[in-house]
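Worksheet: one structure, shown below.
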Amino acid sequence: MHASKKPMKVGLFVTCLVDMFRPSIGFATIKLLESAGCEVSVPETQTCCGQPAFNSGDKKTTQQIARQTIEAFDGYEYVVGPSGSCIGMLHHYADLFDNNDPWRARAENLKNRAFEITSFLTDVMDFDSILSSYEGKVTYHDSCAGLRELGVKQQPRKLLAKVANLSLTEMEDAETCCGFGGTFCVKYPEISNRMVENKSANVELSGATTLLGGDLGCLLNMAGKLKRQGHNIETRHIVEVLAGMTDEPAIGEAAYELGQPA
Amino acid sequence: MEIHSPEFKEKSRIALHDVNLQKALSNLKAGFPVKRSTAVARMPEFEQLRDEATALKNHILENLDIYLEQFEANVIKNGGHVHWCRTPDDACKKILEICKDVDSKTVTKGKSMVSEEINLNDYLQKNGVEPIETDLGEYILQLRGDHPSHIIAPAIHLNLEDVSEIFHEKHKRPKSSDPAVLMQEAREMLREKFAGADVGITGANFLVAETGSTIIVTNEGNGDLTQTLPKTHIVVTSIEKVVPTLEDMTLFLRLLARSATGQEFTVYNTLSTGPRRTGDQDGPENFHVVLVDNGRSEMVGTEFQEMLRCIRCSACMNHCPVYGAVGGHSYGWVYPGPMGSVLTPQMIGIEQAGLLPNASTFCGKCESVCPVRIPLPKLMRHWREDEFSKHLSPKAVRWGIGGWAFFAKRPGLYRLLSTSSNLFLRVMAGKKGRIKKIPMAGGWTDWRDMPAPSGKTFMSQYKSRKQS
């Protein structure tokens, strides 16, 4: 546990996909942060990290969104999100501003405070009191940005090792891109499809019954493919398992009554 | 080589369904990356060498003029000639002029991507000089009227059967599918060509400023025969290949072989230092170095300068999931894969090459294996910025981003949009939890289901939880 007795003030970066598609990931993240002794708030002025604009070459829009996000998270000791990709984007903000632009220093400051959830729990909070249980053989997909931009590799595995009854089996090419790539999947759908087909084949070969990952974009892509192919493999975000919030049907499997809260 | 980069999408679509190509690409995937990782694991100081090489390349690029002039002075001192060529056309003309001067009818050629870049073979042929490729892969491609699809394994897109087929057709010998027999056949065919050529053309992996030497690395030894047997040796290469000293060169050789093929050292490392001297037993009488710029000097001092660190090892394409899916020909010009997606727009223009820097998920695998740490995703993104600022991006992209940005910049309105889209998707999904078809989103739903939102948006649920 962190040495300080005062609760750490953490701002949750929800991410637009979690907000829209799978709120339970947000609530699971809050639960984990609170178990680790953090005081979690959700700034209302956050929207998206700006990646769609950034990766489409629209620098001006990206800067506007970066400034908005920097302001939204002013005053929090840490900014934590359930996505290596979006937190990685927050780390890119500084590059958007010239050296003499005051926003650059603010962006650098945000970068030092911004962490992906499994990395935050492990590297910052030294937290591993995972009390959940999950029956099943799982495999873990290393999403690219988390892995290569933020060095997220051992942290999720270390935490999963604490989950009762869970067995982790590594698939082939766990570090290979699933083909999502944000707008890539709709700009080059056939290539993206081949990449996600390779991924689903490796998931199947691993013999796992559950596929876990740390980025909802990749998970929607892989779950969508696995479902289209008729596989009976569950896809979930790692925080759902760590927080013991797996009552909710897996991604792409929900059957909610319209208008009922989850 | 003709430019087909604007057809990237059509070509990749065909490539994805080409059974033979896919078989060849699966061999690539099981080969180079595995060998590289074994070689790297055996060398504890590999990461440190990458840092050293990156820093050294940066230093060279800051002082490119100085090292190139030192190189030139030493080539001249050794009795050779250096020709500075700004454009591919300048380079082709100069090479033809040298060939005509010695009344050359045939030239043998070692593998050179710069010669592909300047389209040298076509030019020589049109002007009555017959170029003969001597690298086995290039030789096969020449017989087929084909082009390289990879910068170090040019015929990687072919399978044994393809080689067997074309040898049988062109060599008029009994068909064989024994690699050893095919190799022997190629040797016999090429031997007389080596002996009969007046000029030998090779590329260069590095140019050594302190000695005026050029070096090529090969695994077949064909380069040695190409450059020592004919009377005239022409080295066609590009300006960023210069390194200060022989010792610096060895740093790059150690990284190059391991990054490329996973070898600790390439089999043949052949240095050329001027023409034959009195007392030398062999070597050419004339030694020419044709230095090609072709847009490189314009990259110096820009955000693309880092690309000039590239030592052409091919690790980026060997590890690229997009290259691995569609192969090199889909990229439609000389340099494929991530390095090509940065270099090609510089050489043929972003107007023609715009699809290439977009054909990446920015997974970052290329950067993670690059021996000189070129931030390839960042540079591809720079091209996208260039494209966007010149209004070259497709309208659908510009409008899509514009519409989305309008809301993303206004958190209040954004909540309305996310709440209504969330509701819309849940209505579409009904009780199924996923959607099979969404109008206007065929890019997604043609290939995979769209998981439906599992409830109201996080923000609205969070708000009501806080209020209760």
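Where a number appears in this text, it was derived from the coordinates with a stated rule and is not lab data. Note that this is a predicted model, so its numbers are computed, not measured. Heads up, the Cβs are rebuilt from the backbone with ideal geometry, glycines too, and the neighbour counts pull from every protein chain shown.
Taking Cβ separations below 4.7 Å as the criterion for a possible disulfide partner, the isolated cysteines in chain B are B:CYS85, B:CYS92, B:CYS99, B:CYS310, B:CYS313, B:CYS320, B:CYS370.
Both the radius of gyration and Dmax for region B:137-274 are 16.6, 51 Å, in that order, over alpha-carbon atoms.
Under 1.5 on a/c is rounded, so check that first for chain A, then, if it is not, pick prolate when a/b is larger than b/c and oblate when it is not; a ≥ b ≥ c are the square roots of the alpha carbon gyration tensor eigenvalues. Oblate, because a/c is 1.5 or more while a/b does not exceed b/c.
For region B:266-274, backbone phi angles converted through the Karplus equation (6.51, -1.76, 1.60; θ = phi - 60°) give residue-by-residue couplings of 5, 5, 10, 10, 10, 9, 10, 10, x Hz, Gly and Pro being listed as x.
Multiply the residue separation of B:LYS175 and B:ALA73 by 0.36 nm, subtract the distance between their alpha-carbon atoms, and state the gained length in nm to one decimal.
Working: separation 102, 0.36 × 102 = 36.72 nm, distance 5.17 nm.
Difference between extended and current length: 31.6 nm.
Calculated [222 nm] ellipticity per residue, helices only, for chain A: -11500 deg cm²/dmol; basis is -39500 (n - 2.57) per DSSP H run with n ≥ 4, divided by all residues, nearest 500. When you restrict to C-alpha pairs under 8 Å that are six or more residues apart and normalise by the size of chain A, the relative contact order lands at 18 percent.
Figure legend: label point modelled 7 angstrom from the Cα of A:GLU77 along Cα→Cβ; residues of region A:17-53 with amide N under 18 Å from it are A:30-43. I need the Debye-formula profile for region B:221-321: one equal scatterer per C-alpha, no solvent, reported as log10 I(q)/I(0) at q = 0.17, 0.22, 0.23 1/Å, two decimals. Taking Cα atoms of region B:221-321 as identical point scatterers yields -1.02, -1.30, -1.32.
Choose one of A:MET125, A:ALA66, A:PRO23: the residue whose Cα lies farthest towards the positive end of the charge dipole of chain A (beta-carbon charges +1 Lys, Arg; -1 Asp, Glu; about the Cα centre). With unit charges placed on the Cβ atoms, the residue in question is A:ALA66.
I need the trypsin sites (Lys or Arg not before Pro) found in region B:200-281, filtered to DSSP loop residues with at most 14 other beta carbons within 10 Å of theirs. Answer by residue number: B:ARG277. Under conditions of 10 °C and 1.306 mPa s, region B:43-297 yields 84 µm² s⁻¹ as its translational diffusion coefficient, taking Rh as the Kirkwood radius over Cα pairs in the Stokes-Einstein equation.
For region B:377-454, what is the relative contact order in percent, using Cα pairs closer than 8 Å and at least 6 residues apart in sequence?
Rounded, it is 19 percent for region B:377-454.
What the phi angles of region A:22-36 give under the Karplus curve with 6.51, -1.76 and 1.60, with θ = phi - 60°, is a coupling list of 8, x, 4, 5, x, 5, 5, 5, 4, 4, 5, 5, 5, 4, 7 Hz, glycine and proline written as x.
Each Lys or Arg adds one and each Asp or Glu subtracts one; over the other residues with Cβ under 15 Å from the Cβ of B:VAL242, this totals -4. If every alpha-carbon in the protein assembly as shown counts as one equal scatterer, what log10 I(q)/I(0) does Debye give at q = 0.08, 0.10, 0.11 1/Å? Ignoring solvent entirely, the Cα scatterers give -0.69, -0.99, -1.15.
Could you please state, rounded to a whole Å, how far the C-alpha centre of region B:406-427 is from the C-alpha centre of region B:294-343? So the separation of the two Cα centres works out to 39 Å.
When the GluC sites (Glu not before Pro) in region B:33-133 are filtered for DSSP coil states and for at most 16 other beta-carbon atoms within 10 Å of their beta-carbon, the remaining sites are B:GLU45. Taking amide hydrogens as placed 1.01 Å from N in the peptide plane, the amide H of A:ALA208 sits under 5 Å from that of no residue at least 5 positions away in sequence or on another chain.
Reported to the nearest whole Å, the Cα centre-to-centre distance from region A:96-146 to region B:56-124 is 50.
Please report the projected area of region A:129-242's Cα convex hull averaged over all directions, in nm². Numbers along the way, then the final one.
On the way: hull surface 26.5 nm².
Hull-based average projected area comes out at 6.6 nm².
Across region A:8-123, Cα pairs under 8 Å and at least six residues apart give a relative contact order of 29 percent. Backbone amide hydrogens, once placed in the peptide plane, bring B:VAL82 within less than 5 Å of B:VAL289, excluding anything fewer than 5 places away on its chain. A simple rule links phi to the HN-Hα coupling: the Karplus curve 6.51 cos²θ - 1.76 cosθ + 1.60 with θ = phi - 60°, which for region B:8-23 gives 3, 5, 5, 5, 6, 4, 5, 4, 5, 9, 8, 4, 5, 4, 4, 5 Hz, with x for Gly and Pro. If you model chain B as an ellipsoid using its alpha carbon gyration tensor, with each semi-axis the square root of five times an eigenvalue, the axes come out at 47, 26, 21 Å, biggest first.
Per the Cauchy relation, a quarter of the hull surface: what is the mean projected area of the convex hull of the alpha carbons in region A:8-123, in nm²? Can you show the working numbers first?
On the way: hull surface 27.0 nm².
Over every viewing direction, the Cα hull of region A:8-123 projects on average to 6.7 nm².
Amide H contacts of B:PHE206: B:ILE215, each under 5 Å away and 5 or more positions distant or on a separate chain (H built 1.01 Å from N in the peptide plane; Pro and chain starts excluded). When only alpha carbons are used to place a centre, region A:1-56 and region B:165-195 end up 65 Å from one another. Across region B:396-467, counting alpha-carbon atoms alone, Rg and Dmax equal 14.0, 41 Å.
With a sphere of radius 13 Å drawn around the Cβ of B:THR457, what net charge do the other residues whose Cβ falls strictly inside it have (Lys, Arg +1; Asp, Glu -1)? Present the calculation step by step, with values, prior to reporting the outcome.
On the way: positive: A:ARG22, B:ARG415, B:ARG426, B:LYS456, B:LYS463, B:ARG465; negative: A:ASP19, A:GLU44.
With Lys, Arg at +1 and Asp, Glu at -1, the net is +4.
If you add up the charges near A:ASN193, with Lys and Arg at +1 and Asp and Glu at -1, over every other residue whose beta carbon is less than 9 angstrom from its beta carbon, what do you get? Please report the intermediate quantities before stating the final value.
Working: positive: A:ARG194, A:LYS225, B:ARG448; negative: A:GLU190, A:GLU197, B:ASP446.
Summing Lys/Arg as +1 and Asp/Glu as -1 gives 0.
By the helix-only formula, in which each DSSP H run with n ≥ 4 contributes -39500 (n - 2.57) and the sum is divided by residues, chain B has a 222 nm mean residue ellipticity of -16000 deg cm²/dmol. Put simply, the convex hull of the Cα atoms in region B:274-385 casts, on average, a shadow of 9.2 nm².
Pairs spanning more than 26 Å between alpha-carbon atoms, out of A:LYS227/B:LYS466; B:LYS9/B:LYS431; B:LYS23/B:LYS111; A:LYS31/B:LYS463: A:LYS227/B:LYS466; B:LYS9/B:LYS431. Cα-based values for region B:329-458, radius of gyration first and Dmax second, are 18.9, 53 Å.
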